[in-house]
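Presented below is the structure to which this report refers.
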Number of protein chains: 2
Amino acid sequence: MNADASPKRPGGRSSHVRAAVHSAVVALVGERGADQVTLPAVAKRAGVNSSTLYRRWGTLAALLADVAKHRGDVGAPPLVGDLRTDLENQALWTLTELSRPGGIAFFRAEVAPDVDERHDGLRECLRRVSERFRPVLDAARERGDAPPSLEQVLDRIVAPLYFRVVFSIPGTDEAYVRDLVAELLGKLPLES
Amino acid sequence: MNADASPKRPGGRSSHVRAAVHSAVVALVGERGADQVTLPAVAKRAGVNSSTLYRRWGTLAALLADVAKHRGDVGAPPLVGDLRTDLENQALWTLTELSRPGGIAFFRAEVAPDVDERHDGLRECLRRVSERFRPVLDAARERGDAPPSLEQVLDRIVAPLYFRVVFSIPGTDEAYVRDLVAELLGKLPLES
DNA sequence: GTGCTAAAGCAGTGATCTCTGCTTTAGCGT
DNA sequence: ACGCTAAAGCAGAGATCACTGCTTTAGCAC
């Protein structure tokens, strides 16, 4: 429920348990899909008592949301200073994250939880993807370019990626990402 | 599993049970979300024994897929013969269907099931939305217009709608739909 | 109407999940 | 080092779920 908003004792044990639980969740979701994952299963995998999970997270949804929230953007591509390239890189990274085992499951997890939990997870998920593109647009604007709005990026790049990954539409690859960016930036394929 | 591919005895009882089960599923998914729905819960709501559900559908995923498959496109807007108007109408209809209680839950349900069941539901869902737009494009092409491809419609109209409904992004309304269509058809708002 | 049998109901089993009181461990302030 | 207590472990109860033999109902062919 509260997950761990205010860990009054964030010492070794708690954080160790948390780490074990988080990696167990990632492993299980990747292996079996989010549906087959239960709190006892996670507990067993993490070598932790299930009562701990019930007390700390309360529900599977909350745990998944917590995991999704805290897995950092490690490996995110750096900005190179060119709008097109940066958009392509971030979009590609988004696609990669979404496609990797469990990626869509975590997306689902954040969409899934019951109504009260739902909005938090959704906003967090949207925030994360937004924050991935905002610096790109800001940097471009500072350079004097006239980049598309964040809304446009979401509609024209992120939304199709999510849609096509969710529906397993073939051909959702790097070339497709480049096409999306090219179309958004003005229909100039400008291929190398 | 097989759902009811070949009902050898499609008489009154079976179809009655099916109808009761289907409406119970719709009701429960709409009320609680697809996660909280179980076969026994559906059985209770439908006034049917749960063993029937296990035998006829086997899993919740199969049942949800069956329900999604069989709920007709009643109320779908007719084609008027104008590309822009038809695209707007179908997109608006899609948005309406998606926004109504349980709509997104069913989308989620089809995204959710475990890997083996998953593809059927997804393909069905995608097929349904595709078939909604294909006639529009075909008709336009027959009239000599040069309509966008179905892929473009999915990327530029359907995907953003799904994305924004899933993430509860405000401002996803009729005006937004018109903007999407306008942008796709050539950036001529052409507002009345 | 009668018989056949597909399909629904009944009832019970084993497994799993969810949750909770109590005990034990160990982080943190002193 | 010591005490306090947050947090983890243990164990078990109750509920629910997934599933299955067996019985009963009722659709369909004759």
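Run the accessible area of region A:12-70 with a 1.4 Å probe and give the carbon-and-sulfur part as a rounded percent.
For region A:12-70, the apolar C and S fraction of the accessible surface comes to 51 percent.
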note = The FRET efficiency for A:THR85 and B:THR52, from their Cβ-Cβ distance with R0 = 45 Å and rounded to 0.05, is 0.20
ask   = What accessible surface, in Å², does a 1.4 Å probe find on A:LYS69, ignoring ligands, DNA and RNA and rounding to the nearest 10?
value = 110 Å²
inquiry  = Using 0.36 nm times the number of residues separating B:SER23 and B:THR38, minus their current alpha carbon distance, what extension gain do you get?
reply    = 4.0 nm
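With a 1.4 Å probe, what is the total accessible area buried between chains B and A, in Å² rounded to the nearest 100?
2800 Å²
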note = Expected integer from the mean partner chain Cβ neighbour count at 10 Å over B:159-172 is 6
ask   = What FRET efficiency do you get for A:ASP173 and A:SER15 if R0 is 35 Å and r is their Cβ-Cβ distance, rounded to the nearest 0.05?
value = 0.35
inquiry  = Against the 2.2 N^0.38 Å scaling, with N counting residues, where does region A:12-70 land? I'd like the Cα-based Rg ratio to two decimal places.
reply    = 0.97
remark   = Neighbours of A:ARG143 by Cβ distance under 14 Å: Lys/Arg at +1, Asp/Glu at -1, summed charge -3
inquiry  = Distance in whole Å from the A-onto-B rotation axis to the closest C-beta of chain A, together with the residue it belongs to, please.
reply    = A:ALA159, 2
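The values are calculated or read from the model by the stated rules, or taken from the named source; none is laboratory data. In this text, all values refer to a predicted model and were calculated from it rather than measured experimentally. Positions of Cβ are backbone-derived with ideal geometry, glycine not excepted, and every protein chain shown enters the neighbour counts. Surface accessibility is based on the protein's heavy atoms, side chains included, excluding ligands, DNA and RNA. Shrake-Rupley method; radii C 1.70, N 1.55, O 1.52, S 1.80 Å.
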